[in-house]
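To start, the structure under review is shown below, and the notes come after it.
The values are calculated or read from the model by the stated rules, or taken from the named source; none is laboratory data. No experiment lies behind these values; they were computed from the predicted model shown. Neighbour counts are summed over all protein chains in view; Cβ atoms, including those assigned to glycine, are modelled from backbone coordinates with ideal geometry.
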Amino acid sequence: MYKLVGIVGNNWSGSRNRLLLQYMQTRYANQFELNLLETGTLPMYSQDDENNPTPAVVAFRAAIAEADGVIIATAEHNHSVPTALKNALDWCSRVEHPMVGKPVMIVGASLGPMGTVRAQGHLRQILDSPGIGAHILPGNEFLITDSSHQFDETGQLNQPATIAFLDQSVTAFADFLGHEIP
């Protein structure tokens, strides 16, 4: 069974991206173990501190390094990734590089009508940078639009077409993991 980490890409207490990862954690428990990593607990990256990271940064990078793969759930803020996610990735791009060669699936939920399409495009660029160098699942751009109506009061996805697309995307990621992990 694969051991994955899910990065909650924003620090909002009501994050639909956290809900999405929690839903995936339960729905696919027979396929992989998914441990969630919060980005809001990390200090703001500074080159002054990169050689003396806080325990939160050390633990965050170690969890990624030990995982077979990563699922990043990003919101979209001002047509890009949230600051908390970019900050977390900056901590993973200097001194230690836990994302290099790591299989990554991108998902996202947004309140808007376009979902996280722009944020996911930017995230792909960030993940492809030399300091990060992740292996990103091609295609399968899973995004949820109008997320306030996609989850029920218990945090479960409630749209059959959305669930079917997520199932398809997770199957593609499982295949990708099988090819990426030696």
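Check segment 3-20 and report whether any residue there is within 11 Å of the chain's Cα centre (by Cα), more than 20 Å from ILE132 (Cβ to Cβ) and among the aliphatic types (A, V, I, L, M). Walk me through it before giving the result.
Filtering segment 3-20 for residues within 11 Å of the chain's Cα centre (by Cα) gives 4-10, 17-18, 20.
Next, only the ones that are more than 20 Å from ILE132 (Cβ to Cβ) stay: 18, 20.
Applying the additional criterion that residues be among the aliphatic types (A, V, I, L, M) yields 20.
Yes - at least one qualifying residue is present in segment 3-20.
The sole residue among VAL100, VAL57 that is β-branched (Val, Ile, Thr), surrounded by fewer than 23 Cβ atoms within 10 Å (Cβ to Cβ) and part of a loop (DSSP other than H, G, I, E, B) is VAL100.
Do we have any residue at all in segment 103-117 that's in contact with a helix residue (DSSP H, G or I) (Cβ under 9 Å, 6 or more places away or on another chain), among the β-branched types (Val, Ile, Thr), in a loop (DSSP other than H, G, I, E, B) and buried (at least 18 other Cβ atoms within 10 Å of the Cβ)? The answer is yes, given that some residue of segment 103-117 is in contact with a helix residue (DSSP H, G or I) (Cβ under 9 Å, 6 or more places away or on another chain), among the β-branched types (Val, Ile, Thr), in a loop (DSSP other than H, G, I, E, B) and buried (at least 18 other Cβ atoms within 10 Å of the Cβ).
Taking first residues from segment 1-19 that are touching a residue at least 40 places away in the same chain (Cβ under 8 Å) and partners that are of a type in the set (Lys, Arg), the Cβ contacts under 6 Å between residues at least 6 apart in sequence or on separate chains come to VAL8/ARG18. In segment 90-106, is there at least one residue being over 27 Å from VAL58 (Cβ atoms), in contact (Cβ under 8 Å) with a residue 24 or more places away in the chain and out of contact with any His (no Cβ under 6 Å at 6 or more places or on another chain)? Taking every residue of segment 90-106 in turn, none turns out to be over 27 Å from VAL58 (Cβ atoms), in contact (Cβ under 8 Å) with a residue 24 or more places away in the chain and out of contact with any His (no Cβ under 6 Å at 6 or more places or on another chain). If we keep just the residues of segment 102-123 that are at pLDDT 95 or above and either more than 10 Å from the chain's Cα centre (by Cα) or of a type in the set (Asp, Glu) (or both), which is nearest to HIS149 (Cα to Cα)? Taking the candidates together, the pick is PRO103. Of all residues in segment 33-42, those being surrounded by 19 or more Cβ atoms within 10 Å (Cβ to Cβ) and within 15 Å of the chain's Cα centre (by Cα) number 3. Of the residues that make up segment 66-82, is at least one surrounded by fewer than 17 Cβ atoms within 10 Å (Cβ to Cβ) and modelled with pLDDT of 95 or more? Checked against the condition, which is being surrounded by fewer than 17 Cβ atoms within 10 Å (Cβ to Cβ) and modelled with pLDDT of 95 or more, segment 66-82 yields at least one hit. Checked against (1) surrounded by fewer than 17 Cβ atoms within 10 Å (Cβ to Cβ); (2) of a type outside the set (D, E, K, R); (3) part of a loop (DSSP other than H, G, I, E, B); (4) in contact (Cβ under 8 Å) with a residue 24 or more places away in the chain, TYR45 meets all criteria but (1).
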